[in-house]
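None of the figures in this text is laboratory data; all of them are computed from the coordinates on show. In this text the structure is predicted, and so the values were computed from the model without any measurement. With ideal geometry, Cβ positions are generated from the backbone for all residues, glycine too; neighbour counts draw on all protein chains shown.
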Amino acid sequence: MESIYYVMSWLCHRRCRHCYEERFRPYAGEELQGVVDEAVQSFPRVIANLPPRMTYFDAALGAEEQRGRIILAGGEIMLDPVRETVLYPALEMLHAKYKDQGGVKLIVQTTGDTLRPHMVEELLARHVWMISVSGIDSFHEGLETIGAQQAMVQKLTAMFDSFGLTPFEQIADKTGDAANDGHYYQFFGAQPGTWIGQLWPRGRAWTNSLSTATISDNFCNQWSGGLNFLQYRQKGSEVSIEPNGNVYPCCAKTKKPIGSLLEEPLEAILERLQGHPAYEAISMGHPERMGIGKGWTVERFLRESTVTRPDGGQYQNLCIGCDKFHDAGLV
């Protein structure tokens, strides 16, 4: 598989108003212990049920297998309660699982403001290929201005440079083995005009009526959407995993998971869904066609994709139609 996005814990130090998941927030006391325990108990079982090889084929590059990636994220996975108890042993386990099976690119995603030099050193010692900083946007407290965002980027760039990391942009146009060696870093955020700039109609972004997506914004038909998720041996396939092992065809997440990695291997889940009309439609990037076999014409799906936002405004996006189709129990 080309990519797996694994949310290891719900723990976060922020409660951002644009977040796609309400469960990403600070926890304390028994709630904190419960969140940590869930992650600690789940990750070895999740990793055991990941594919035996994290490789894929890219038709443009011929018959040679390409090395896939696993993105480990939160919440904020660099926070003390989960960094050494969950993230670090998971990185070691993943490296051991794949080192003789074609390898894997290990990526750690963080908001960036919790990073310290000793943490970068510890990540590199555990074979991290790239550190991905995801919090560079005005929705994050303290980064409301362009100046504040630039200061954060400059501070972290200096830290990364001191460890010999390379900006991902320098190799982003390369594929295959040319990009396998070395250590990299990147910055991104929910900025206007970016792939996630319109915000998914999920979580606090929905509660706060922040999504600006329209019916023309097909999140399914792009990276981190459901596009090609069933073609797990080919370029473009990615799935998303929750801390409890639930698997989804996209990062935005369908209303129901497609399976659990606490119960069966990921490849078995994906094989079982081959030929399923709704999930084949998602994998083709055409969610509006997911209900045709159940009497939901494309026209009906588009009607069902319309809803009133919490602020009273009208909103129409294919994710809403997908949600309603799942709510109707038709998958």
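Close amide H contacts of residue 187 (hydrogens built in the peptide plane, cut-off under 5 Å, sequence separation of 5 or more or a different chain): 133. Between segment 103-151 and segment 188-250, the alpha-carbon centres lie 20 Å apart. Close amide H partners of residue 238, meaning residues 5 or more places away or on another chain with modelled amide H under 5 Å apart, are 229.
Per-residue 3J(HN,Hα) values for segment 114-124, derived from phi via the Karplus relation 6.51 cos²θ - 1.76 cosθ + 1.60 with θ = phi - 60°, read 9, 5, 10, x, 5, 5, 4, 4, 5, 5, 5 Hz in sequence order (x marks Gly and Pro).
The length gained on full extension between residue 61 and residue 221, counted as 0.36 nm times the residue separation minus their Cα-Cα distance, comes to 55.3 nm. When you restrict to C-alpha pairs under 8 Å that are six or more residues apart and normalise by the size of the chain, the relative contact order lands at 20 percent.
Peptides 98-109, 22-33 ranked from most to least packed, by the mean per-residue count of other Cβ atoms within 10 Å: 98-109, 22-33.
Sum up the charges of everything whose Cβ sits under 11 Å from the Cβ of residue 316, counting Lys and Arg as +1 and Asp and Glu as -1, but leave residue 316 out. Show your work: numbers first, answer last.
Numbers: positive: 303, 309; negative: 217, 304.
Local charge sum for residue 316: 0.
If R0 is taken as 56 Å, the Cβ-Cβ distance between residue 31 and residue 170 corresponds to a FRET efficiency of 0.85. Take the Cβ atoms of residue 303 and residue 212, set R0 to 25 Å, and the FRET efficiency comes out at 0.75.
Run through the DSSP bridge list for the chain and note the antiparallel percent, rounded to the nearest 5. Once the DSSP bridges in the chain are tallied, antiparallel ones form about 25 percent. Remark: the residue 101-residue 314 segment gains 71.7 nm on full extension, using 0.36 nm per residue and subtracting the alpha carbon distance.
Spatial offset of segment 39-78 relative to segment 279-325 amounts to 30 Å, using the alpha carbon center of each. Can you tell me the FRET efficiency between residue 294 and residue 267 if r is taken as the Cβ-Cβ distance and R0 is 22 Å, rounded to the nearest 0.05? Computed FRET efficiency for residue 294 and residue 267: 0.25. Measuring nothing but how far apart in sequence close Cα pairs (under 8 Å, 6+ apart) lie, relative to its length, segment 1-116 scores a relative contact order of 35 percent. In segment 1-38, which residues have a backbone nitrogen under 14 Å from the label point lying 7 Å from residue 144's Cα in the Cα-to-Cβ direction? From segment 1-38, the list is 17. Computed over segment 140-235, relative contact order equals 13 percent, with contacts defined as Cα pairs under 8 Å that lie 6+ residues apart.
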